[in-house]
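Engineer: Dropping a structure here in structure tokens format, bear with me for questions.
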Amino acid sequence: MKIPWDRKRNTLQRSFPQQPFVGNTDDRLSSSCKTASLFRRSALAWYSGRLDAGLRYAAAAAARGCEEGHEFCELTPFWHIALLTKARDFGTALQAIDLLGNRRDRSESQLMTATSLIIRGELLFVMGCVDEGLAEVDAGLRLAEGHDARSLLPTGYVVMATAALRRADMRTCLHYVDKLTGEALLGYFGQAAGAWVTAQAAEARGGVDRAADLVAGIVANDVVLHQLLVSEPAAASWLVRAARALGADDVAETAVRAACATSEEQPEFSVLRGAALHAAGLLEEDAGKLHEAANTYLDRWCGASVREDLAGLLSKRRSERNNVISTLESALSTYTAVGAARDASRVANKLRNYGVRRGVSRTVEREGHLPHGLTNTEFAVAELVSQGYTNNEVGRQLFISRHTVAFHLKKVYQKMNLTSRVELAAKWKAMQWRHEP
């Protein structure tokens, strides 16, 4: 399949949208306040794909403070931490979080509290402290939604959608993707990560063909692509995989060139180097680059992803069987540790092809008892079937065969006293209030 590659059609306007964390227009940060000016320059630098300059200006703004007491200037330390998270500079980010915690005032505004929760939650999630991070992001989103802090919402929605996708919880993932779509229509700051998680959700729902337009749109738009590359280290390799699956090698090559150029322009960031090596290794089928990327990444999920790709490349050589198994087991262990049940299930199935069986949870983790005595797998099957997915589509999302799906669906019918998919959809809809995100 040839995906659309029309730069004119896929290029968005390059106007500067809302400021990060602040639900106001650009005019408000165009004042004579020096801190606001540094904040704005940092945001513009990152928006243009310059993480290095963005961090320098953010650090200067955070250190300077604001003599005029502007609330939006008080948010600069959080913006600095957000950029440190994108750079995967976990040590410095944690120090900055602790420093802010010591200075916090009990009378701080709801906006400050919401910002603190979402930014800290995102940091914890990226570090692999998934449950703690998601709890903080969820609490921050509730505050932000209740106080109309719109520019905070996309950051939180991306984290929640990504986590749900990795857990094979497509209902929750699509819930947050829908929210992201609504915010995008309002021109929120930093649309790249939202576009990417939306593309991933489209692929998970119906195969890579469903994501073709989004893949083309991201890669054809220089602003979105470069912003994405300095925000999400896994994005470059995903774009390469998706483009190659679509038979669009020119799109994959463009993504790799951009990732490599970004790394070369900003060599101080190992996260950018790891992403470039991963993307280039996939495109060139270079095991050496994939191995180097695995040793470069600080992001645990990204490390598991590149090891999975490395195992796929090594599997083409019979002599590498033992290396393939050990590499897949390493990826499986990390995916499991960071709560990526969907990815862990995929790797576990690959290991089964080598006669190695590893028990993993394929489904969404739910608090408390599951309804009607369903097992985790039965719950996941029922969840997806109730949304209208066929057995083949359910199997693709849970990495099990359609025959296994049919087996679990039969068990669901028995336990819930149902006879058809229509009855299941109606019963499941009536139960949804218990499972709303």
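The values are calculated or read from the model by the stated rules, or taken from the named source; none is laboratory data. Note that the coordinates shown come from a computational prediction; the quantities given were computed from them, not determined experimentally. No Cβ is skipped: glycine too gets one built from the backbone with ideal geometry, and neighbour counts run over all protein chains shown. For accessibility, only protein heavy atoms count, side chains too; no ligands or nucleic acids. Shrake-Rupley method; radii C 1.70, N 1.55, O 1.52, S 1.80 Å.
Engineer: Look through region 368-400, keep the residues that are surrounded by 14 or more Cβ atoms within 10 Å (Cβ to Cβ) and small (Gly, Ala, Ser), and return whichever of them is nearest to Gln200 (Cα to Cα). Spell out how you get there, then give the answer.
Structural biologist: First, pick out the residues of region 368-400 that are surrounded by 14 or more Cβ atoms within 10 Å (Cβ to Cβ): 370-372, 374-387, 389, 391, 393-400.
Right, trim to small (Gly, Ala, Ser) and you get 380, 382, 386, 395.
Numbers: Ala380: 19, Ala382: 22, Ser386: 21, Gly395: 17 Å.
The qualifying residue nearest to Gln200 (Cα to Cα) is Gly395.
Engineer: So is Val224 modelled with pLDDT of 95 or more and in contact with a helix residue (DSSP H, G or I) (Cβ under 6 Å, 6 or more places away or on another chain) or not? Spell out how you get there, then give the answer.
Structural biologist: Working: modelled with pLDDT of 95 or more: no; in contact with a helix residue (DSSP H, G or I) (Cβ under 6 Å, 6 or more places away or on another chain): yes.
No: the conditions fail for Val224.
Engineer: Scan region 152-179 for residues that are touching a Pro at 6+ places or on another chain (Cβ under 6 Å) and either open to solvent by less than 30 Å² (accessible area, probe 1.4 Å) or among the charged types (D, E, K, R) (or both) and jot them down.
Structural biologist: Let us first name the residues in region 152-179 that are touching a Pro at 6+ places or on another chain (Cβ under 6 Å), namely 172, 175.
Result: Thr172, single match.
Engineer: While we're on this one: Considering (1) over 19 Å from Glu285 (Cβ atoms); (2) out of contact with any Phe, Trp or Tyr (no Cβ under 9 Å at 6 or more places or on another chain); (3) of a type in the set (D, E, K, R), say which one Arg241 fails and leave the rest.
Structural biologist: (1)
Engineer: If you don't mind, another one. Quick check on my filter: what residues within region 135-181 are within 22 Å of Gly388 (Cα to Cα) and touching a Lys or Arg at 6+ places or on another chain (Cβ under 9 Å)?
Structural biologist: Those that are within 22 Å of Gly388 (Cα to Cα) and touching a Lys or Arg at 6+ places or on another chain (Cβ under 9 Å): Ala161, Ala164, Leu165, Arg166, Arg167, Ala168, Asp169, Met170, Cys173, Leu174.
Engineer: Take residues that are aliphatic (A, V, I, L, M) and buried (at least 24 other Cβ atoms within 10 Å of the Cβ) and tell me which of the helices (runs of 4 or more DSSP H) falling wholly in region 30-102 contain 1 or more.
Structural biologist: Values: elements: 34-47, 51-64, 71-74, 76-86.
It comes to 34-47, 51-64, 76-86.
Residue by residue, here is whether (1) touching a residue at least 40 places away in the same chain (Cβ under 8 Å); (2) out of contact with any Cys (no Cβ under 9 Å at 6 or more places or on another chain) holds:
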| site | (1), (2) |
| --- | --- |
| Val197 | no, no |
| Val224 | yes, yes |
| Leu228 | no, yes |
| Ala243 | yes, yes |
| Glu253 | no, yes |
| Glu264 | no, yes |
| Ala276 | yes, no |
| Ala293 | no, no |
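Engineer: Please verify whether region 121-132 includes one or more residues that are open to solvent by 40 Å² or more (accessible area, probe 1.4 Å), in contact (Cβ under 8 Å) with a residue 60 or more places away in the chain and over 18 Å from the mean Cα position of the chain (by Cα). Even if it seems obvious, please write down each step before you answer.
Structural biologist: Of all residues in region 121-132, those open to solvent by 40 Å² or more (accessible area, probe 1.4 Å) come to 127, 129, 131-132.
Still in the list and also in contact (Cβ under 8 Å) with a residue 60 or more places away in the chain: 127, 131.
Remaining after also requiring over 18 Å from the mean Cα position of the chain (by Cα): none.
No.
Engineer: A further question on this structure: Hey, among the residues in region 350-367 that are more than 27 Å from Val159 (Cβ to Cβ) and modelled with pLDDT under 90, which one's most open to solvent (accessible area, probe 1.4 Å)?
Structural biologist: Taking region 350-367 and keeping what is more than 27 Å from Val159 (Cβ to Cβ), we get 350-359.
This time we only want the ones that are modelled with pLDDT under 90, so: 352-359.
Numbers: Arg352: 69, Asn353: 130, Tyr354: 58, Gly355: 67, Val356: 21, Arg357: 179, Arg358: 97, Gly359: 86 Å².
Only one residue fits best here, namely Arg357.
Residues checked against (1) under 21 Å from Ala340 (Cβ atoms); (2) in contact (Cβ under 8 Å) with a residue 40 or more places away in the chain; (3) open to solvent by 30 Å² or more (accessible area, probe 1.4 Å):
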residue: Asp299; (1), (2), (3): yes, yes, no
residue: Cys302; (1), (2), (3): yes, yes, no
residue: Ser305; (1), (2), (3): yes, yes, no
residue: Arg317; (1), (2), (3): no, no, yes
residue: Asn322; (1), (2), (3): no, no, yes
residue: Ser326; (1), (2), (3): yes, no, yes
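Engineer: Return yes or no: is Lys2 surrounded by fewer than 20 Cβ atoms within 10 Å (Cβ to Cβ), at pLDDT below 90, out of contact with any helix residue (DSSP H, G or I) (no Cβ under 7 Å at 6 or more places or on another chain) and part of a helix (DSSP H, G or I)? Quick ask: steps written out before the conclusion?
Structural biologist: Values: surrounded by fewer than 20 Cβ atoms within 10 Å (Cβ to Cβ): yes; at pLDDT below 90: yes; out of contact with any helix residue (DSSP H, G or I) (no Cβ under 7 Å at 6 or more places or on another chain): yes; part of a helix (DSSP H, G or I): no.
Considered against the rule, which asks whether it is surrounded by fewer than 20 Cβ atoms within 10 Å (Cβ to Cβ), at pLDDT below 90, out of contact with any helix residue (DSSP H, G or I) (no Cβ under 7 Å at 6 or more places or on another chain) and part of a helix (DSSP H, G or I), Lys2 comes out as no.
Engineer: Still on this structure, I have one more. Tell me which of these Gly339 doesn't satisfy, since it passes every other one: (1) at negative phi; (2) not in a helix (DSSP H, G or I); (3) not aromatic (Phe, Trp, Tyr).
Structural biologist: (1)
Engineer: Considering each of Glu264, Glu292, Glu268 in turn, give the residue that is in contact with a Leu (Cβ under 8 Å, 6 or more places away or on another chain), open to solvent by 50 Å² or more (accessible area, probe 1.4 Å) and either within 21 Å of Val224 (Cβ to Cβ) or not basic (Lys, Arg) (or both). Even if it seems obvious, please write down each step before you answer.
Structural biologist: Details: Glu264 fails: in contact with a Leu (Cβ under 8 Å, 6 or more places away or on another chain); Glu268 fails: in contact with a Leu (Cβ under 8 Å, 6 or more places away or on another chain).
Just a single option satisfies the conditions, and that option is Glu292.
Engineer: Does at least one position in region 312-326 carry a residue that is touching a Lys or Arg at 6+ places or on another chain (Cβ under 7 Å) and in a helix (DSSP H, G or I)?
Structural biologist: No, because not a single residue in region 312-326 is touching a Lys or Arg at 6+ places or on another chain (Cβ under 7 Å) and in a helix (DSSP H, G or I).
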